[in-house]
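Quick notes on the structure that follows.
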Amino acid sequence: MADELDELIEFLSNGSPQVRGAAADIVRGLTGDSDGLRSLAARADRALPALLRLLASVGAGCAGEAAADSLVNLSQDGDLAARLVVLGAVAAAMDVMVKRGGEQPKLARSLVMLLVNLTQVGDEKVQGLYVAKLVRSFCRSSCDSEDEDIFEHIASILVNISKVEAGRRILMEPKRGLLKQIIGQFDSTNQLRKKGVAGTIRNCCFEADTQIQNLLSIAEYLWPALLLPVAGKKIYSEEDRSKMPPELANALSHEREAVDDSEIRERALEAIYMIVMQDDGRKAFWSVNGPRILQVGYEDEEDLKVMGAYELIGSLLVGKGEIEQDQEQGEDKPQ
């Protein structure tokens, strides 16, 4: 069996196109089984480069899809994912997705899943060009049907990228405008996209101490993405709405469907907390009547963890002496 597997890996690189395709299909089948995965992992020094070469080869067709599927399964092992990153798999996957993803949607979906696994490694050598291409693909609507949303899992890639400082810096560069583009996807009905956007914003807000002005420069898009999920379902009074910018006031002038995913609400509140820790962030928060929105949203909240996130912001505002501003404006704080 060992000799047969070694020969199979050899065929991935040196056989005819038909032979390479058949070998790739067999390898894909092996990666769907725990024993097969272990056997291939033991030969990773030859199997991984061979699969990457097959993936990148022009005209690989179905063999390229099989190679991508195999790499997706193998990269679920953290050690193998790290080895793939060293081998340049991120760049290879991005190149193939850009060049052939439009013609081969199945291949594009597999490549996205591969990148989800690879970006969990936390590689600090994130390249701006590839991040920009990912965001462009993410923001390009591939199809009206959610069942055929090829690029939805890029949401998870962006969360992974934004977990490292280098990734956050790229996403937050004003000239690139990537974070603003990502926030625009929060209006999607696709919950995976919404959750990814919320997680990416939240991670970027870890840079609020040095990037607060960059964050506030896109406030017109940022505040709706953060505040509407935690605003509850109630119609806000005209008095409340008169103290908000139009992008919030209009949305809160009628009943809305609640954001059912508690993780999205919690991530939004965590982002708000990091923003209001900064002086300029708190001023901006008050300027959009943020405390009133959180007060109303808190009244509708039932999840204990999310309630705790509301209360943390309220405690911060009180601790910073914002109660004086609260009295001047005649507003209450989140309880």
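The values are calculated or read from the model by the stated rules, or taken from the named source; none is laboratory data. What you see is a predicted model, and the numbers here were worked out from it, not measured in a lab. Cβ placement follows ideal geometry from the backbone for every residue including glycine, while neighbour counts extend to all protein chains displayed. Side chains included, ligands, DNA and RNA excluded: accessible areas come from the protein's heavy atoms. Shrake-Rupley method; radii C 1.70, N 1.55, O 1.52, S 1.80 Å.
Which entries of Lys195/Lys243; Lys133/Lys305; Lys99/Lys163; Lys234/Lys305; Lys195/Lys283; Lys106/Lys233 show an alpha-carbon separation above 32 angstrom in the structure shown?
Lys133/Lys305; Lys106/Lys233
Using a Gaussian network model on the chain with a 10 Å cutoff between Cα atoms, which of Met113, Met97, Met277 fluctuates the most?
Of Met113, Met97, Met277, the Gaussian network model singles out Met277 as fluctuating most.
Please compute, over every Cα-Cα pair in the stretch 129-244, the percentage with a separation greater than 25 angstrom.
Here the tail beyond 25 Å accounts for 25 percent of pairs.
How much length is gained if the chain between Lys106 and Glu257 is pulled fully straight, taking 0.36 nm per residue apart and subtracting their Cα-Cα distance, in nm to one decimal?
Length gained between Lys106 and Glu257: 51.0 nm.
Where does helix 2-14 land angle-wise versus the long Cα axis of the chain, in degrees 0 to 90, nearest 10?
That works out to roughly 80 degrees.
Could you work out [θ]222 nm for the chain from helices alone, using -39500 (n - 2.57) per DSSP H run of at least four and dividing by all its residues? Round to the nearest 500 deg cm²/dmol.
That calculation yields -20500 deg cm²/dmol at 222 nm.
What ranking, highest mean first, results for peptides 4-12, 69-77 when packing means the other Cβ atoms within 10 Å averaged over each residue?
For the peptides 4-12, 69-77, the packing ranking is 69-77, 4-12.
Just grab the label-to-label distance for Lys163 and Lys99, each label 7 Å out from Cα along the Cβ direction, in nm (one decimal).
3.0
Would you mind estimating how fast the stretch 177-322 diffuses translationally, via Stokes-Einstein at 25 °C and 0.890 mPa s with the Kirkwood radius over Cα pairs, in µm²/s?
Result for D is 163 µm²/s.
So, taking all protein chains as they sit and a 1.4 Å probe, how much accessible area belongs to Lys163, in Å² rounded to tens?
It works out to around 130 Å².
Step through the residues of the stretch 194-204 one at a time and calculate ³J(HN,Hα) from phi using the Karplus curve (6.51 cos²θ - 1.76 cosθ + 1.60, θ = phi - 60°), rounding each to whole Hz and writing x for Gly and Pro.
These are the phi-based 3J(HN,Hα) values: 4, 5, x, 4, 4, x, 5, 4, 4, 5, 4 Hz.
Hey, any idea what Rg/Rh is for the chain, computing Rh the Kirkwood way over Cα pairs?
Rg/Rh: 1.08.
Measure nothing but the geometry: give the 0 to 90° angle between the long axis through the Cα atoms of 44-56 and the longest principal axis through the Cα atoms of the chain, rounded to 10°.
That helix lies at roughly 80 degrees to the long axis.
What angle, in degrees between 0 and 90 and rounded to the nearest 10, separates the Cα long axis of helix 89-100 from the longest principal axis of the Cα atoms of the chain?
Result, in degrees: 90.
Please report, in cubic angstrom per residue, the volume enclosed by the convex hull of the alpha-carbon atoms of the stretch 159-205.
Roughly 55 Å³ of hull volume per residue.
Quick one: plug the Kirkwood hydrodynamic radius of the stretch 14-82 (C-alpha pairs) into Stokes-Einstein at 10 °C, 1.306 mPa s, and report D in µm²/s.
135
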